[in-house]
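All remarks here apply to the structure that follows.
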Amino acid sequence: MLEAAHRYFHDAASVLGLTERLREILVTPRRVVKVEIVTENDEGDLIHHIGFRVQHNNTRGPYKGGLRYHPSMDEDHASALANLMTWKTAIVDVPFGGAKGGIDCDPHEMSITELDRVTRKFVEGIKEVIGPMQDIPAPDVNTNSEVMAWIMDEYSSHYGFAPGVVTGKPVHLFGSLGRDEATGRGVMYALREALKDQGKTLADITVAMQGFGNVGSHAARLIAEQGGKLVAVADHLGAVSNDDGLEVPALVEWTAEHRTVDGFPGGEPFKGADVITWPCDVLIPAALEDAITKENAADVRATIIVEGANGPTTPEANDILNKRGVTIVPDILANAGGVTVSYFEWAQNIQQFQWELERINAELEKKMVRAYADVRDVAKEKSIDFRTASFVLGIRRVGRAALSRQPTRKKISFE
Ligand code: GLU
């Protein structure tokens with residue numbers, strides 16, 4: 001994953017003609033925090049985890065990015081994802097830098113009280129480096145508004161009332177309306193804009209989706225509301241398809257109860273891995289990284305891929321798809337709706353004022369439409385693919401800000 005993030009960074013750095021030294025400066029995280037978390041499980045036995053917070057860059061504002069609870073979480077993983085956050089916040093032009101973190105645990109195997117204890121211990125370990133003006137965590141894979149509420153509570157118990165220390169909180173506890181569905185909504189807007197470029201609308205398309213969690217389920221619902229057909233969906237436990245389009249609201253209800261799409265009566269089961277090569281117009285990988293690889297990229301049938309997940313396409317697959325002329329709307333653009341509404345939530349916390357949902361959604365739409373257009377302009381200007389253009393745009397904005405904060409005697413250009 002780190003390798004992929006670096007490869008994409010270097011592709012863009014080459015377009016910008018950046019020196020080796022400058023590249024090194026831009027990819028190196030500014031701070032890496034690793035803490036040991038020791039607590040007891042519900043049976044009273046000691047449990048032990050490692051927590052991470054990688055602060056990649058804060059040139060354009062406080063560090064910002066999610067917390068992922070997953071057995072695969074380690075320093076490299078957090079670094080790669082933190083790196084992506086830096087360019088993502090710059091692409092949607094929200095006043096933040098990039099960070100990421102998490103714990104190497106599996107919440108599916110933990111009780112809520114265990115999860116609460118582990119989270120609070122983690123906060124104890126990182127509390128000196130986070131804060132509303134310093135670093136603002138948010139939900140990511142396997143974390144949610146509940147976890148954010150505990151973080152806010154624990155942090156506030158040390159430093160006093162500080163709702164702006166995390167985003168993605170429950171709406172009744174200083175969260176924002178629309179934050180929950182924001183990433184999925186942003187995916188829908190990104191896809192809508194990409195389709196516009198091809199003279200199509202959401203009503204014209206069939207979609208295959210990998211992952212039906214927070215990102216995927218909201219994106220699917222919003223796309224279906226505009227007439228798009230979800231023909232196949234897979235999660236880590238099962239997969240269902242329906243050529244006439246799956247009934248998305250019913251599927252959402254089913255997964256809320258069963259925690260998987262598996263067994264959904266409104267579709268036919270199939271082998272989950274086949275979702276990547278399913279016959280469809282649009283493929284939305286919305287699960288974890290490395291979903292589209294050199295093994296399956298040549299068989300992808302979609303002509304547009306919108307990356308709901310972070311890092312779902314390996315560099316080898318990316319090259320195969322680019323050669324085949326498949327349009328990829330990359331993660332750092334496509335899934336930036338989440339951090340955009342995180343920004344709105346943070347702004348509301350600081351203003352001590354609540355925005356209405358209409359305003360949130362309208363501002364989110366503006367941000368996504370503008371970001372897409374900015375990336376497309378760079379892609380045209382430099383004759384490059386959307387992913388490289390997204391990185392160029394992000395690096396350019398961060399680079400320019402850095403030079404304004406600290407001019408160099410030898411001229412550096414980010415053009
Ligand atoms: N975890 C989300 C992401 O990868 C959201 C980050 C945030 O809201 O800070 O973009």
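Look at Gly213 and say whether it is under 17 Å from the mean Cα position of the chain (by Cα), surrounded by fewer than 24 Cβ atoms within 10 Å (Cβ to Cβ) and under 22 Å from Ala190 (Cβ atoms). Before the answer, list the steps.
Values: under 17 Å from the mean Cα position of the chain (by Cα): yes; surrounded by fewer than 24 Cβ atoms within 10 Å (Cβ to Cβ): yes; under 22 Å from Ala190 (Cβ atoms): yes.
For Gly213, the condition - under 17 Å from the mean Cα position of the chain (by Cα), surrounded by fewer than 24 Cβ atoms within 10 Å (Cβ to Cβ) and under 22 Å from Ala190 (Cβ atoms) - is met.
In this structure, is Ala4 crowded, with 22+ Cβ neighbours inside 10 Å and of a type outside the set (Lys, Arg)?
Working: crowded, with 22+ Cβ neighbours inside 10 Å: no; of a type outside the set (Lys, Arg): yes.
Against the criterion (crowded, with 22+ Cβ neighbours inside 10 Å and of a type outside the set (Lys, Arg)), Ala4 does not qualify.
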- line: Contact list, first residue from segment 93-104 and without any contact (Cβ under 8 Å) to a residue 12 or more places away in the chain, second anywhere and of a type in the set (S, T, N, Q) and more than 10 Å from the ligand (Cβ to nearest atom), beta-carbon distance below 8 Å, six or more apart or interchain, is none
message: If I go through segment 331-365 residue by residue, how many of them are in contact with a strand residue (DSSP E or B) (Cβ under 8 Å, 6 or more places away or on another chain) and under 20 Å from Pro285 (Cα atoms)?
response: 3
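Residue-by-condition table, conditions (1) under 29 Å from Glu3 (Cβ atoms); (2) touching a helix residue (DSSP H, G or I) at 6+ places or on another chain (Cβ under 8 Å); (3) open to solvent by 30 Å² or more (accessible area, probe 1.4 Å):
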| site | (1), (2), (3) |
| --- | --- |
| Ala297 | yes, yes, no |
| Arg301 | yes, yes, yes |
| Gln348 | no, no, no |
| Gln352 | no, no, yes |
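Quick one: is Arg21 under 17 Å from the mean Cα position of the chain (by Cα) and not polar (S, T, N, Q)?
So Arg21 does not fit the description; no.
Yes or no, residue by residue, for (1) open to solvent by less than 10 Å² (accessible area, probe 1.4 Å); (2) closer than 17 Å to Leu333 by Cβ:
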| residue | (1), (2) |
| --- | --- |
| Pro170 | no, no |
| Leu173 | no, no |
| Ala190 | yes, yes |
| Leu195 | yes, yes |
| Ala203 | no, no |
| Val207 | yes, no |
| His218 | no, no |
| Gly227 | no, no |
| Val231 | yes, no |
message: Please count how many residues of segment 275-295 are open to solvent by 10 Å² or more (accessible area, probe 1.4 Å), within 20 Å of Ser241 (Cα to Cα) and either within 15 Å of the ligand (Cβ to nearest atom) or among the hydroxyl-bearing types (Ser, Thr, Tyr) (or both).
response: 3
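Report yes if some residue within segment 384-397 is open to solvent by less than 40 Å² (accessible area, probe 1.4 Å), hydroxyl-bearing (Ser, Thr, Tyr), assigned to a loop (DSSP other than H, G, I, E, B) and touching a strand residue (DSSP E or B) at 6+ places or on another chain (Cβ under 9 Å); otherwise report no. Even if it seems obvious, please write down each step before you answer.
Initially, segment 384-397 is screened for residues open to solvent by less than 40 Å² (accessible area, probe 1.4 Å), giving 384, 386-396.
Narrowing the set further to residues that are hydroxyl-bearing (Ser, Thr, Tyr) leaves 388, 390.
Those left that are additionally assigned to a loop (DSSP other than H, G, I, E, B): none.
Taking every residue of segment 384-397 in turn, none turns out to be open to solvent by less than 40 Å² (accessible area, probe 1.4 Å), hydroxyl-bearing (Ser, Thr, Tyr), assigned to a loop (DSSP other than H, G, I, E, B) and touching a strand residue (DSSP E or B) at 6+ places or on another chain (Cβ under 9 Å).
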message: Just to be sure I understand, how many residues within segment 312-333 are out of contact with any Phe, Trp or Tyr (no Cβ under 9 Å at 6 or more places or on another chain) and within 16 Å of the ligand (Cβ to nearest atom)?
response: 3
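The values are calculated or read from the model by the stated rules, or taken from the named source; none is laboratory data. What you are looking at is a predicted structure, and each value in this text was computed from that prediction instead of being measured. Every residue, glycine as well, gets a Cβ built from its backbone with ideal geometry; the counts of neighbours run over all protein chains shown. Just so you know, the surface numbers come from the protein's heavy atoms only, side chains and all, with ligands and any DNA or RNA stripped out. Shrake-Rupley method; radii C 1.70, N 1.55, O 1.52, S 1.80 Å.
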